[in-house]
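Notes for the one structure printed next.
The values are calculated or read from the model by the stated rules, or taken from the named source; none is laboratory data. Since this is a predicted model, take the numbers as computed values, not measurements. Heads up, the Cβs are rebuilt from the backbone with ideal geometry, glycines too, and the neighbour counts pull from every protein chain shown. Calculation scope for accessible area: heavy atoms of the full protein, side chains included, ligands and nucleic acids excluded. Shrake-Rupley method; radii C 1.70, N 1.55, O 1.52, S 1.80 Å.
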Amino acid sequence: MSRLTPAIGPLLLGIVLGLSSHPALASLLVVGGGAQRPLALGRLADLALNHLALAGTGLALVAGLGGGLGLIATRGRFAALRGSIDTFAAFAQAVPPVVVVALALPILGFGGPPTLLALAAYGLMPTLRGTVAALESVPTEAREAARAIGLTPGQILRQVELPLAAWGLIETLRTAFVLCVAVTAVGALAGAATLGTPIVAGLQNQNFVAMLQGALASAALAFLGDALLLAAGGLLRRA
């Protein structure tokens with residue numbers, strides 16, 4: 001049970017934030033503005049599900065691309081490419097997500113695709129560097145011992161490096177997930193139905209209740225996902 005203790009804080013905070021996004025509670029948190037109308041609970045739930053689906057897809061893209069490049073960067077035969085890989089990742093993150101979405105609109109159209117491109121670009125560098133750090137934290141002695149008993153490079157990766165780097169990889173996914181949840185809100189600018197939609201519409205209409213609901217629900221998703229990954233990491237450590 002002690003392994004799951006770190007997940008309790010984010011879990012409770014996520015629940016509190018999620019409950020606070022309820023139309024009745026959010027209305028109480030905003031003072032004045034009788035014309036301000038809260039977002040209906042059903043509509044908020046639909047946006048949250050869409051938001052989570054986009055963020056989850058983006059996390060899968062980021063994990064595959066960043067993790068794959070991180071794996072390549074730590075292999076000896078690709079050592080010469082490491083600087084180029086890091087530079088590419090840094091360049092991808094240097095472009096703000098809003099700009100990525102705006103530039104992608106004429107090519108990818110409205111909705112999810114430009115949002116996913118922004119997620120992949122912005123989450124690439126932290127995922128790459130986290131993967132590299134996790135794999136490089138594996139003791140050299142463990143690799144050498146595995147090599148000495150005749151394991152192939154692929155077997156060393158699967159049976160030695162990945163299990164020993166598991167906690168660091170979970171931490172990397174935690175960071176990537178929070179980034180994905182945050183950046184997915186920007187997808188509302190491209191017409192994607194996310195929790196950023198009431199934020200953007202609220203800014204236009206001065207509806208601070210709807211803005212607050214979108215912000216609280218988005219933060220709740222981030223903390224609940226973080227708690228889930230912390231729990232998974234704790235169980236891995238226990239194993």
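Against the definition (more than 16 Å from Cys180 (Cβ to Cβ), aliphatic (A, V, I, L, M) and exposed (fewer than 14 other Cβ atoms within 10 Å of the Cβ)), how does Ala90 come out, yes or no? Walk me through how you get there before you give the answer.
Details: more than 16 Å from Cys180 (Cβ to Cβ): yes; aliphatic (A, V, I, L, M): yes; exposed (fewer than 14 other Cβ atoms within 10 Å of the Cβ): yes.
Answer is yes for this residue.
Results for (1) out of contact with any Pro (no Cβ under 8 Å at 6 or more places or on another chain); (2) closer than 19 Å to Ala176 by Cα; (3) without any contact (Cβ under 8 Å) to a residue 12 or more places away in the chain, shown as yes or no for each residue.
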{"residue": "Pro38", "(1), (2), (3)": "no, no, no"}
{"residue": "Leu47", "(1), (2), (3)": "no, no, no"}
{"residue": "Asn50", "(1), (2), (3)": "yes, yes, no"}
{"residue": "Ala55", "(1), (2), (3)": "yes, yes, no"}
{"residue": "Val62", "(1), (2), (3)": "yes, yes, no"}
{"residue": "Gly70", "(1), (2), (3)": "yes, yes, no"}
{"residue": "Thr74", "(1), (2), (3)": "yes, no, no"}
- request: Write out, first by first residue and then by second, each pair whose Cβ atoms fall under 8 Å of each other, whose residues are 6+ apart or on separate chains, and whose first residue, in segment 84-112, is assigned to a helix (DSSP H, G or I) while the second is of a type in the set (Lys, Arg) and surrounded by 16 or more Cβ atoms within 10 Å (Cβ to Cβ).
  value: Asp86/Arg129; Ala89/Arg129
message: Consider segment 187-220. How many of its residues are among the aliphatic types (A, V, I, L, M) and open to solvent by 30 Å² or more (accessible area, probe 1.4 Å)?
response: 10
Unmet requirement for Leu189, which otherwise passes all of (1) modelled with pLDDT of 90 or more; (2) of a type in the set (A, V, I, L, M, F, W, C); (3) not in a loop (DSSP other than H, G, I, E, B): (1)
Meets criteria (surrounded by 13 or more Cβ atoms within 10 Å (Cβ to Cβ) and out of contact with any His (no Cβ under 7 Å at 6 or more places or on another chain)) for Ala166: yes
query: Of the residues in segment 122-152, how many are farther than 24 Å from Pro97 by Cα, touching a residue at least 40 places away in the same chain (Cβ under 8 Å) and open to solvent by 50 Å² or more (accessible area, probe 1.4 Å)?
result: 1
statement: Of the residues in segment 19-55, those that are modelled with pLDDT under 90, in a helix (DSSP H, G or I) and surrounded by 18 or more Cβ atoms within 10 Å (Cβ to Cβ) come to Ala26
